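Report on the following structure.
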Amino acid sequence: MKKTIPSYYNQWIHLFGPSILASILIILLSSWMESVSAAELLTIPIALIILSSWEWFIHRYWMHNLSKRLPFLFKKHRIHHQLYTDQRMSIESYQELYFVLTPFQAIVLIFITIIPIFLILYFISLNVACLFIIVTLAYFIVYEMTHTTYHLPAHHWLKSNSIITFLSKHHTTHHHPKHKVKYNFNVTFPLFDWLKKTYRRFEK
């Protein structure tokens, strides 16, 4: 396994670097907002619903099917499922975060994509544009951190939280070889798994 991890790879930069950048952008965008109205605050739940749908769609159709658009997502995710099944979810060393965290190409795409989204929403209002991107970046941070937690050893203190325990079991079910292309495509929260009827309860 170690032979397939690039020699230049640093798991801590991969884990914290993009999230720190996202946090800086969140602070910057927050400083641009003024006099946010109640109607503009509706951007937050709307953004969460949209992001949950994107997470579900990308995971279901691009990460589990070879796509001409983003072939690296499928290839990296296939390795992820080969290494981690419902019988063995835990990484053995932190270097294995290379197989758990979002690929660098996808991270770059995320940060590039938010620029045109921001510009489009700016025509509605600056506050709406800022709020949507803030929620998007926060969603990315939560995705990376929760997914990492699911693949930590079972006794790790971060897995003692009841919400993380539930979500970890939800994700473990997805890693069952028979379920990976059918169920539990949401990683952060199973909203669209419920809506699309792809939610499956954890089975021991």
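The values are calculated or read from the model by the stated rules, or taken from the named source; none is laboratory data. On a predicted model such as this, the values are computed, not experimentally measured, just so you know. As a convention, Cβ positions derive from the backbone with ideal geometry for all residues, glycine included, and neighbour counts pool all protein chains shown.
Odds and ends about this structure:
- Residue check: Ser125 meets all listed conditions (1) closer than 18 Å to Met63 by Cα; (2) polar (S, T, N, Q); (3) in contact (Cβ under 8 Å) with a residue 40 or more places away in the chain; (4) out of contact with any Ser or Thr (no Cβ under 7 Å at 6 or more places or on another chain) but one, namely (1).
- Within the set Ile164, Ile141, the sole residue that is surrounded by fewer than 22 Cβ atoms within 10 Å (Cβ to Cβ), of a type in the set (Val, Ile, Thr) and farther than 19 Å from Phe99 by Cα turns out to be Ile164.
- Filter result for Glu92 (acidic (Asp, Glu), assigned to a helix (DSSP H, G or I), within 30 Å of Glu203 (Cβ to Cβ) and out of contact with any strand residue (DSSP E or B) (no Cβ under 8 Å at 6 or more places or on another chain)): no
- Residues of region 31-76 that turn out to be modelled with pLDDT of 95 or more, part of a helix (DSSP H, G or I) and hydroxyl-bearing (Ser, Thr, Tyr), as a count: 4
- In region 14-34, the residues that are under 17 Å from the mean Cα position of the chain (by Cα) and without any contact (Cβ under 8 Å) to a residue 40 or more places away in the chain: Phe16, Gly17, Ile20
- Unmet criterion (only one of (1) assigned to a helix (DSSP H, G or I); (2) surrounded by 15 or more Cβ atoms within 10 Å (Cβ to Cβ)) for Trp12: (2)
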